[in-house]
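Below is one structure, written out as structure tokens, with a few remarks after it.
FYI, it's all coordinate maths here, none of it is from the lab. Worth saying up front: this structure is predicted, and the values here are computed from it rather than measured. Cβ atoms come from the backbone with ideal geometry, glycine included; neighbour counts cover every protein chain shown.
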Amino acid sequence: MDEPAIRAILADGLEQGAVSAINRARTRAAWLAGTEDLPFAGLDMDSLARMELCIAIEVGTGIALAPADLDRYQSIGELARDLARMTDA
């Protein structure tokens, strides 16, 4: 699966988790275009948001992650690149 498709899945997961940063039109457009990254530290994600993101990942890619697995990543972009690599394997 290519990274732009994964970025769309992650954006939807963040939206489902009520992560406000992804709802800013300019931020979302830049994220989807791959010109902006979103550090996890700046997203203010609670446990429900993390779960929603993991659900979106599993539904969209077939890869199951636990919310704690997200701690391995500094940013959503790093996660997107890793998921793209895993879905191409």
Using modelled backbone amide H atoms (1.01 Å from N, in-plane), which distant-in-sequence or interchain residues come within less than 5 Å of SER75's amide H?
PHE40
Residue-by-residue Karplus 3J(HN,Hα) for the range 20-27, coefficients 6.51, -1.76, 1.60, Hz, glycine and proline x
4, 4, 6, 8, 6, 3, 5, 5
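Report the GluC sites (Glu not before Pro) located in the range 2-89 that are in a DSSP loop and have at most 16 other Cβ atoms inside 10 Å of their Cβ, or state none.
Details: sites: GLU15, GLU36, GLU52, GLU58, GLU78; in loops: GLU36.
Answer in residue order: GLU36.
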Label-point separation in nm, MET86 to ALA64, each point 7 Å along Cα→Cβ
1.2
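Expressed as a fraction of 2.2 N^0.38 Å, the rule-of-thumb size for a compact globular protein of N residues, what is the C-alpha radius of gyration of the range 3-88? List each step's numbers first, then the result.
On the way: Rg = 11.4 Å, N = 86, 2.2 N^0.38 = 12.0 Å.
Normalised by 2.2 N^0.38 Å, the Cα Rg of the range 3-88 equals 0.95.
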Near ALA8, within a Cβ-to-Cβ distance under 11 Å, what is the net charge of the other residues, with Lys and Arg +1 and Asp and Glu -1?
-2
Two-site label geometry, ASP2 and ALA41: point separation in nm, points 7 Å out along Cα→Cβ
3.3
